[in-house]
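Every number in this text was worked out from the coordinates using simple rules, so none of it is lab data. What you are looking at is a predicted structure, and each value in this text was computed from that prediction instead of being measured. For neighbour counting, all protein chains shown are included, and Cβ atoms are generated from backbone atoms with ideal geometry for every residue, glycine included.
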Amino acid sequence: MRMYDYLVPSVNFMGAGCVSKVGERCKILGGKKALIVTDSFMKNMEGGAVELTVKSLKEAGLDVAYFDGVVPNPKDITVKMGLDVFKSENCDMIVTVGGGSAHDCGKGIGISATHEGDLYSYAGIETLTNPLPPIVAVNTTAGTASEVTRHCVITNTEKKVKFVIVSWRNLPLASFNDPMLMLKIPAGLTAATGMDALTHSIESYVSKDANPVTDAAAIQSIKLIANNLRQAVALGENLEARENMAYASLLAGMAFNNANLGYVHAMAHQLGGLYDMPHGVANAMLLPHVEKYNLISNPQKFADIAEFMGENIDGLSVMEAAEKAIDAMFRLSQDVGIPASLKEMGVKEEDFEKMAFMALKDGNAFSNPRKGNEQDIINIFKAAY
Ligand SMILES: [Fe+2]
């Protein structure tokens with residue numbers, strides 16, 4: 001068997017009420033003043049994640065400053081604004097509160113605070129040379145899993161393209177997944193983030209970089225999402241469904257942090273960069289089409305996915321069973337209300353060529369289990385159109 005490494009934050013807090021432990025952990029990490037990186041909606045929510053995080057930090061004797069300018073698909077200019085607050089307030093650590101956008105923005109601030117020059121120049125794998133300030137991630141959506149990954153995804157506003165800085169230095173020192181903070185997330189966002197998590201687990205399960213450890217995490221994640229996402233979308237206050245989705249998202253993050261992703265993310269990043277399309281929606285719309293293309297790379301793994309997603313594959317050939325996995329992805333997406341086509345989302349056909357070219361350059365493309373060319377990617381965009 002080939003060699004592989006396996007990377008996760010050293011401490012991961014799970015379960016209802018764990019947000020109360022943030023302060024204690026930040027104190028252990030030596031923090032004196034934390035920059036809270038979040039959005040204004042979250043900051044102003046009474047009894048919400050920011051309020052509870054700050055309460056815990058203050059009880060532990062830490063001071064706080066706020067940057068509440070996080071936007072979806074965080075931009076390089078957002079990161080610069082956050083960096084100014086980090087410096088002017090003399091913060092020595094970063095506590096991100098929110099979903100992937102908050103965590104990625106916080107990582108971007110940490111990189112900018114410790115690395116010279118333009119953030120864009122660090123796009124790529126293991127380009128970071130200096131230690132970042134301690135980052136602690138309080139996660140409020142079951143989706144991106146940025147709270148446990150080494151990925152920092154930022155949009156270059158000038159070029160309208162997303163870029164990824166992948167480094168072990170980006171890894172938060174502690175993650176918090178408290179399902180109590182997820183109960184009020186609206187159905188649409190629950191669906192989009194949940195489909196992002198499913199995309200992580202499926203792309204890492206079929207990735208050419210998968211290994212037995214990432215497979216174990218991915219399998220459990222796929223099962224949990226297939227059995228809980230519909231319920232979490234139907235009734236946000238369903239604590240059991242929220243808890244299971246939080247576990248599923250974390251497991252998917254553990255899987256893709258190490259097995260990497262594939263063409264779904266490589267292509268979704270283009271839709272995010274060019275149209276500012278929500279990441280989870282872009283993934284959900286592309287997932288069945290990309291995996292249909294990938295099917296021949298490993299039919300047995302797709303047959304497994306069909307079974308994990310609850311399909312009856314008794315008496316079917318491996319290829320027949322594998323195709324059931326694609327049906328299951330379409331059905332879940334439809335049940336949770338994801339738009340059916342890129343056309344509906346205002347995507348223009350004339351952009352396919354440019355997006356396909358850029359998708360093949362995206363870092364996620366290299367672990368896709370089937371090697372495609374630009375025309376293949378254009379065809380997948382067309383199929384999803
Ligand atoms: Fe994702």
Name all residues of the stretch 211-228 having a backbone nitrogen under 19 Å from the label point set 7 Å from the Cα of Met3 along its Cα→Cβ direction, giving them as ranges. 211-214
Using Cα atoms only, what is the angle between the long axis of helix 374-383 and the major principal axis of the chain, expressed in degrees (0 to 90) to the nearest 10? 90
So Glu116 and Asn44, fully extended at 0.36 nm per residue minus their Cα-Cα distance, gain in nm 22.6 nm
For a quick check, take a GNM of the chain with Cα springs below 10 Å and name the residue from Met358, Met245, Met182 with the largest mean-square fluctuation. Met358
If you find the alpha carbon centre of the stretch 153-204 and of the stretch 210-235, how far apart are they in angstrom? 15
Only loop residues by DSSP count here, and only those with at most 15 other Cβ atoms within 10 Å; note down the GluC sites (Glu not before Pro) in the stretch 1-69 that meet that. Glu46
Which of rounded, prolate or oblate describes the stretch 192-239 when judged by the alpha-carbon gyration tensor and an a/c cut-off of 1.5? prolate
Set the Förster distance to 22 Å, then compute FRET efficiency between Ala216 and Leu239 from the Cβ-Cβ distance, nearest 0.05. 0.30
Between Gln334 and Val11, what is the FRET efficiency for a Förster distance of 35 Å, r being their Cβ-Cβ separation, to the nearest 0.05? 0.35
Can you run the Rg to Rh ratio on the chain? Use alpha carbon positions and the Kirkwood inverse-distance Rh. 0.96
With 32 Å as the limit, write out which pairs from Lys43/Lys162; Lys33/Lys361; Lys184/Lys223; Lys27/Lys162 have Cα-Cα distances beyond it, or answer none. Lys33/Lys361; Lys27/Lys162
In Å, the Kirkwood estimate of hydrodynamic radius for the stretch 11-181 over Cα pairs equals 15.5
So what's the angle, to the nearest 10 degrees on a 0 to 90 scale, between helix 76-88 and the longest Cα principal axis of the chain? 20
Neighbour counts of other C-beta atoms within 10 Å: give me His289, His265 arranged from fewest to most. His289, His265
Exposed-site-free run, longest, the chain (rule: trypsin sites (Lys or Arg not before Pro); DSSP loop; at most 15 other C-beta within 10 Å): 209-347
Give me the aspartates and glutamates in straight-line cross-link reach of Lys107: C-alpha distance below 18 Å, same-chain residues under 8 apart excluded. Asp39, Asp68, Asp76, Asp84, Glu89, Asp92, Glu116, Asp118, Glu126, Glu147
Could you state the angle between the C-alpha long axis of helix 299-308 and the longest principal axis of the C-alpha atoms of the chain, as a value from 0 to 90 degrees rounded to the nearest 10? 60
Could you give the C-alpha radius of gyration of the stretch 124-195 expressed as a fraction of 2.2 N^0.38 Å, taking N as the number of residues it contains? 1.28
Those GluC sites (Glu not before Pro) in the stretch 79-137 that DSSP places in a loop and that have at most 13 other beta carbons within 10 Å: Glu116, Glu126
Rule-of-thumb Rg ratio for the stretch 63-114 [Cα; 2.2 N^0.38 Å; N residues]: 0.99
Taking R0 as 22 Å, what FRET efficiency do you get between Asp84 and Glu51 from their Cβ-Cβ distance, rounded to the nearest 0.05? 0.35
